[in-house]
Amino acid sequence: MADVLVIGRNDAESLGLGWDEILDVIEDVFLERAEGHVENPPKPGIHPLDDAFIHAMPAYLARTRLAGCKWIAGYPQNASLGLPYIQGLLILTDPGTGSSLAVIDGAWVTEVRTAAVSGVVARRFAEQPRKLGVIGCGVQARRHLRMFLEAAPSIETVQAFDLIPRAADGLAQLAADHGASARVAGTAADAAAGADLVLTAGAIRKEPVQELGASEVAENSLILPIDFDAAWRPEAIDGASVFCVDDVEQFDYYRGEGYFRGYPRPAMDLASALSAPDRVPAQGRRIFLNLGLAMEDVALGGLVYRLCSEKGAGHRIPLT
């Protein structure tokens, strides 16, 4: 093991990756999983503080020969300290030898791959969406907004809500700067009203607020929660035409940990939906819950590692 390539946020951003390329990589890893070529166990976690978590997220992609583990922390309390909510590292490993290849900023990887999963879902199952509702206007919402405005250019209107008004103001301004009509909503329900796409991106909490139900969203909306059960009441899920999750086993694990009380079990996982899209209804309230999978991190990390190696980006450090 001669050295390891350290890839920071600025190194990754310098690659100039387009969203279409990122979405293709993320969709490919789900199709790889549907074919049985991915090892992705549920992520174990520790909880040093209330509502905080630190997760270990390993995955092995057999077809593309990528392996890695992300060590990622989420601390809602960090806002009062001027620190990010999400922090961590992704370590890529040579699956043939076990040698460490790269260490990548895990917060950047998490931001981008989470938005990319939502983008893959929208690309496949949302037909020309025009109105986007966003509840929770932090880092993930901003990354999602940039992705949607590039990957779904049919979006004309953005409705934003956050408990912190300046966060909603900032997201609305970002949307306006990119040519969309934008307004700050007074409530979560107001942000979701009439939207073709609804993103909920608040903090994950053991005691969720769950402000949104079936009556708050359009009949044929595509709903994209990335905040577990923080925003949606169980009745919103019960009457959905499809309830899909990125990983059913992981959903069951977290339900055992006290999340998703009253939620039905998902009808399918995202790998199945993408490999057989005719199984997904084109109408009705469709909910795609994104818990976050290590295989997404490793797939995106593999792309970033390859491009940084080719372009001489990042910094190599010796370990011997």
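The values are calculated or read from the model by the stated rules, or taken from the named source; none is laboratory data. Keep in mind that what you see is a predicted model, and the values were worked out from it rather than measured. Cβ sites come from the backbone with ideal geometry, for glycine too, and all protein chains shown count toward neighbours.
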Seminar exercise, completed: (1) at pLDDT 95 or above; (2) farther than 24 Å from residue 254 by Cα all hold for residue 82 apart from (1)
Seminar exercise, completed: So the helices (runs of 4 or more DSSP H) completely within region 236-312 holding 1 or more residues that are farther than 30 Å from residue 4 by Cβ are 248-256, 270-275
Exercise. Out of all the residues in region 269-281, is one or more closer than 25 Å to residue 56 by Cβ and either modelled with pLDDT under 95 or not assigned by TED's automatic domain parsing to the domain that holds residue 144 (or both)?
Worked result: no
Problem set entry | Positions within region 194-209 being part of a loop (DSSP other than H, G, I, E, B) and surrounded by 18 or more Cβ atoms within 10 Å (Cβ to Cβ), in sequence order | 195, 196, 201, 202, 203, 204, 208
Exercise. Does region 41-57 contain any residue that is more than 30 Å from residue 80 (Cα to Cα), touching a residue at least 60 places away in the same chain (Cβ under 8 Å) and in contact with a Lys or Arg (Cβ under 8 Å, 6 or more places away or on another chain)?
Worked result: no
For this session: Tell me, yes or no, whether region 171-186 has at least one residue that is aliphatic (A, V, I, L, M), assigned to a loop (DSSP other than H, G, I, E, B), over 26 Å from residue 9 (Cβ atoms) and outside the structural domain of residue 53 (by TED's automatic domain parsing).
Result: yes
For this session: Just give me the residues in region 89-132 being part of a strand (DSSP E or B), charged (D, E, K, R) and not assigned by TED's automatic domain parsing to the domain that holds residue 200, in sequence order.
Result: 105
For this session: Name the residue, out of 300, 319, 293, that is of a type outside the set (Gly, Ala, Ser), over 19 Å from the mean Cα position of the chain (by Cα) and closer than 21 Å to residue 58 by Cβ.
Result: 319
Problem set entry | Failed item, numbered, when residue 77 is tested on (1) closer than 24 Å to residue 230 by Cα; (2) assigned to a helix (DSSP H, G or I); (3) within 15 Å of the chain's Cα centre (by Cα); (4) not aliphatic (A, V, I, L, M) | (3)
For this session: Among the residues of region 94-142, write down those that are basic (Lys, Arg) and closer than 21 Å to residue 30 by Cα.
Result: 113, 123, 124
Problem set entry | Filter result for the condition that a residue is in contact with an Asp or Glu (Cβ under 7 Å, 6 or more places away or on another chain), part of a loop (DSSP other than H, G, I, E, B) and not assigned by TED's automatic domain parsing to the domain that holds residue 147, over 42, 48 | 42
Exercise. Got at least one residue in region 275-290 being in contact with a helix residue (DSSP H, G or I) (Cβ under 9 Å, 6 or more places away or on another chain) and polar (S, T, N, Q)?
Worked result: yes
